[in-house]
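Read the structure below first, then the notes.
The values are calculated or read from the model by the stated rules, or taken from the named source; none is laboratory data. Quick caveat: nothing in here was measured; it's all calculated off a predicted structure. Virtual Cβ from ideal backbone geometry, glycine too; neighbours counted across all protein chains shown. When the accessible area is computed, the model is the full protein with side chains, heavy atoms only, and any ligands, DNA or RNA have been set aside. Shrake-Rupley method; radii C 1.70, N 1.55, O 1.52, S 1.80 Å.
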Amino acid sequence: MLRVAVIGAGRIGKVHAQTVASHPQAELVAVCDPIGTAAEDLAARFGAKAYKDADALFADADVDAVIIGSPTAAHAPQVLGATRAGKAVLVEKPVAKDVEEARALEAELATFDHPPVMVGFQRRYDPSIRRAKELADAGELGDIEQVVIVARDPQPPSAEYVAGSGGLFKDMTIHDFDEARFFIGDIVEVSAFGQNVLPELKGTGDFDAAFVLLRGKDGAVASITNNRRCVTGYDQRLEVHGSKGSVSMDNWRETTLSVNTAETSGVQQPYLNFFLQRYADAYRDELTAFIDAINNGTEVSPTVADGVAALVVAQAAEESAHSGRTVRLDA
Ligand SMILES: NC(=O)c1ccc[n+]([C@@H]2O[C@H](COP(=O)([O-])OP(=O)(O)OC[C@H]3O[C@@H](n4cnc5c(N)ncnc54)[C@H](O)[C@@H]3O)[C@@H](O)[C@H]2O)c1
């Protein structure tokens with residue numbers, strides 16, 4: 001059993017704690033959170049130890065691996081603290097608060113031997129997205145020409161969260177940048193439009209919705225539509241179009257029932273509400289891949305380099321949205 005600790009007992013920390021506790025090859029041994037009783041409360045649910053201080057957790061010999069779900073600004077220092085203490089790391093996105101810090105982290109990690117470090121772009125492990133990737137890799141879709149990604153959250157996070165998030169592109173669109181890279185490879189051109197549609201987030205100075213166009217190194221293009229608020233639920237769709245065929249992923253619902261009456265037809269249940277429900281399988285399979293990398297030396301995916309690359313695209317999107325110009329990354 002891999003002895004795992006979760007750092008950060010907030011929204012995603014709770015998801016990871018539950019995922020670890022219910023995984024047959026893992027055991028939740030500790031939770032760390034410096035604020036109030038967050039660590040104690042979450043740890044108590046699973047009979048785990050509680051820590052307020054991450055350094056004290058890193059010194060715990062009974063911990064093999066950590067999952068970092070603390071606020072973004074803490075990611076890079078905690079990755080280094082954990083790896084220096086010999087712990088394997090699954091770190092939430094974004095891998096660091098900006099490109100500079102992410103590159104410094106990558107460079108530092110290259111200077112010493114450490115267990116695997118994986119980045120939490122869990123969509124790579126979503127059964128539909130993974131199947132789409134397998135079909136693309138097997139040549140079933142021919143040459144990939146266009147990718148369409150729609151990602152809208154059911155409701156926005158607090159203004160406080162947004163203020164510390166690094167901004168829409170680094171916080172939210174970063175998942176879509178990794179998803180686009182998954183299918184069309186490295187990105188060479190970025191064009192972005194930002195929007196402010198939510199009055200409650202105006203004071204944050206950040207965009208709350210966006211439309212982004214990307215061009216991959218082999219000429220394929222991707223479009224990304226984001227919104228921090230979607231009254232119809234957690235809207236997660238994907239289409240991958242190639243020269244021989246295409247795949248499309250619709251929203252998930254609790255059942256596949258379609259209800260028809262004299263007044264309406266094709267009425268379905270609402271979309272699964274949010275990331276906890278929609279990506280539950282992905283978080284589980286992400287954890288399995290992390291455990292495999294630690295126990296069996298299988299390839300880590302996504303890597304810190306993938307985390308850096310996604311941040312580079314996010315920074316370019318920010319620049320494009322503010323300047324109104326397309327940003328080239330291969331110049
Ligand atoms: N992959 C995903 O689907 C996904 C979903 C949500 C959030 N995230 C990422 O996870 C991170 C946390 O997001 P969240 O929504 O859970 O935030 P949150 O605000 O709900 O929770 C963060 C928690 O971290 C604690 N904390 C603060 N400083 C800390 C520190 N130095 N060390 C340890 N814990 C600390 C806070 O007390 C809080 O309990 C962000 O980087 C976010 O981008 C990823």
task: Count charges around Ile67 for me, please; just the other residues with Cβ under 14 Å from its Cβ, Lys/Arg as +1, Asp/Glu as -1.
output: +1
task: Please get the size of the charge dipole for the chain, origin at its Cα centre, with Cβ charges of +1 on Lys and Arg and -1 on Asp and Glu, quoted in debye to the nearest 20.
output: 440 debye
field: Structure-based [θ]222 nm, the chain - -39500 (n - 2.57) summed over DSSP H runs of at least 4, per residue, nearest 500
entry: -10500 deg cm²/dmol
- request: Please work out whether the range 10-133 counts as rounded, prolate or oblate from its C-alpha gyration tensor, where a ≥ b ≥ c are the square roots of the eigenvalues and a/c under 1.5 means rounded, while otherwise a/b larger than b/c means prolate and anything else oblate?
  value: oblate
- request: Would you mind putting 249-255, 151-157, 64-70 in packing order, based on average other-beta-carbon counts within 10 Å, highest first?
  value: 64-70, 151-157, 249-255
- prompt: Just the accessible area per residue of the chain, please: how many Å² with a 1.4 Å probe?
  reply: 44 Å²
- prompt: Lys244: which lysines have alpha carbons under 30 Å from its alpha carbon, excluding same-chain residues fewer than 8 sequence positions away?
  reply: Lys133, Lys217
message: Just want the answer: with Cβ charges of +1 for Lys and Arg and -1 for Asp and Glu, which residue in Thr326, Tyr283, Ser265 is farthest toward the dipole's positive end in the chain?
response: Ser265
field: Accessible area of the chain belonging to carbon and sulfur atoms, whole % at 1.4 Å probe
entry: 50 percent
- request: Using only the Cα atoms of the chain, each taken as one equal point scatterer with no solvent, compute I(q) by the Debye sum, divide by I(0), and report log10 of the ratio at q = 0.06, 0.10 Å⁻¹.
  value: -0.21, -0.59
Accessible-area value, Val267, 1.4 Å probe, nucleic acids and ligands omitted, Å²: 70 Å²
statement: Quick calc: nm separation of the 7 Å Cα→Cβ label points for Thr303 and Ala107 -> 1.8 nm
query: By its C-alpha gyration tensor, with a ≥ b ≥ c as the square roots of the eigenvalues, how is the range 2-66 shaped: rounded for a/c under 1.5, else prolate for a/b larger than b/c, else oblate?
result: oblate
field: Cα-centred dipole magnitude for the range 2-115, charges only on beta-carbon of K, R (+1) and D, E (-1), debye, nearest 20
entry: 320 debye
query: Over the range 50-97, what lengths in whole Å, largest first, do the semi-axes of the equivalent ellipsoid take, defined as the square roots of 5 times the eigenvalues of the alpha-carbon gyration tensor?
result: 17, 11, 9
message: Checking the table Lys93/Lys170; Lys93/Lys202; Lys14/Lys93; Lys49/Lys97; Lys14/Lys52; Lys14/Lys170 against a 20 Å threshold on Cα-Cα, which pairs fail?
response: Lys93/Lys202; Lys49/Lys97; Lys14/Lys170
message: Need one word for the range 170-279: rounded, prolate or oblate. Basis is the Cα gyration tensor (sqrt eigenvalues a ≥ b ≥ c); a/c below 1.5 gives rounded, then a/b vs b/c decides.
response: oblate
- request: Rounded to the nearest 10 degrees, what's the angle between the helix 127-137 long axis and the longest principal axis of the chain, both from Cα atoms, 0 to 90?
  value: 70 degrees
field: Residue order for Leu42, Leu257 - accessible surface, 1.4 angstrom probe, largest first
entry: Leu257, Leu42
Backbone HN-Hα couplings from phi across the range 276-288 [Karplus 6.51/-1.76/1.60, Hz, Gly and Pro as x]: 4, 7, 5, 10, 4, 5, 5, 4, 5, 6, 4, 5, 4
Percent antiparallel among DSSP beta bridges (both partners in the chain, rounded to 5): 55 percent
query: At 10 °C and 1.306 mPa s, what whole-number value in µm²/s does Stokes-Einstein give for the translational diffusion of the range 87-170, with Rh from the Kirkwood sum over Cα pairs?
result: 98 µm²/s
